[in-house]
Amino acid sequence: MDRPKKPAPIVNDWARPFWEAARQGKLTIQQCKDCKKPIFYPRLCCPHCFSEDIHWIEASGKATVYSYTVVENNAPSAFIADMPYVVAVVRLEEGVQMLSNIVGCDPYEVKCDMPVQVTFEKLDEEFTLPKFKPI
Ligand SMILES: [Zn+2]
């Protein structure tokens, strides 16, 4: 029986560099050239000082789990085969937060403040998803 396909991200022009970098195994975020603060999710201007002088930097990939949930139940979907799985907000070393999955461990061993490192999971030819695994 065919499984439903997982939905792909919807990408706008200013988020495209993030997905292109992820396809090459790099985790990137934006940084404001004026106030130097890190920015994520991708935006057209700095949310702190409204400068439009922002650029992309490569993140270290190191993060800690800020919050998470273990998904044990789901309506029939492409995610059924992955259950139980962890949806988490991770806080990158650079100071921004990112919604992702924790992989490579027992979902019930995930804890807040757990150190994690980015890893990449190819969804299809166009998209590679940054996920995080315990260090
Ligand atoms: Zn700024």
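Among MET98, MET83, sorting on how many other beta-carbon atoms sit within 10 Å of each Cβ, with the fewest leading, yields MET83, MET98. Applying the criteria of a DSSP loop state and at most 13 other Cβ atoms within 10 Å to the trypsin sites (Lys or Arg not before Pro) of segment 35-75 yields LYS36. Each residue of segment 24-33 is assigned a 3J(HN,Hα), and the resulting list reads 9, x, 10, 9, 10, 9, 8, 9, 7, 6 Hz, derived from the Karplus form 6.51 cos²θ - 1.76 cosθ + 1.60 (θ = phi - 60°), x at Gly and Pro. Applying the criteria of a DSSP loop state and at most 11 other Cβ atoms within 10 Å to the GluC sites (Glu not before Pro) of segment 16-64 yields GLU52. When the Cα centres of segment 12-58 and segment 80-117 are compared, how far apart do they sit, in Å? First find each Cα centre; the distance between them is then 22 Å. With the convex hull constructed from alpha-carbon coordinates only, segment 16-134 shows a mean projected area of 7.9 nm² over all directions.
Taking every C-alpha pair closer than 8 Å and separated by at least 6 residues, the mean separation divided by the residue count of the chain gives a relative contact order of 23 percent. Applying the criteria of a DSSP loop state and at most 16 other Cβ atoms within 10 Å to the GluC sites (Glu not before Pro) of segment 75-135 yields GLU93, GLU125, GLU126. Of the residues ALA75, ALA21, ALA63, the one that moves most in a GNM of the chain with alpha-carbon contacts below 10 Å is ALA75. Please find the FRET efficiency linking VAL70 to GLU93, where r is the Cβ-Cβ separation and R0 is fixed at 22 Å, and quote it to the nearest 0.05. The computed FRET efficiency comes out at 0.35.
Only the coordinates and a few stated rules stand behind these numbers; no lab work does. Keep in mind that this is a model prediction, so the values were computed, not measured. Note: ideal-geometry Cβ built from the backbone for every residue, glycine included; neighbour counts use all protein chains shown.
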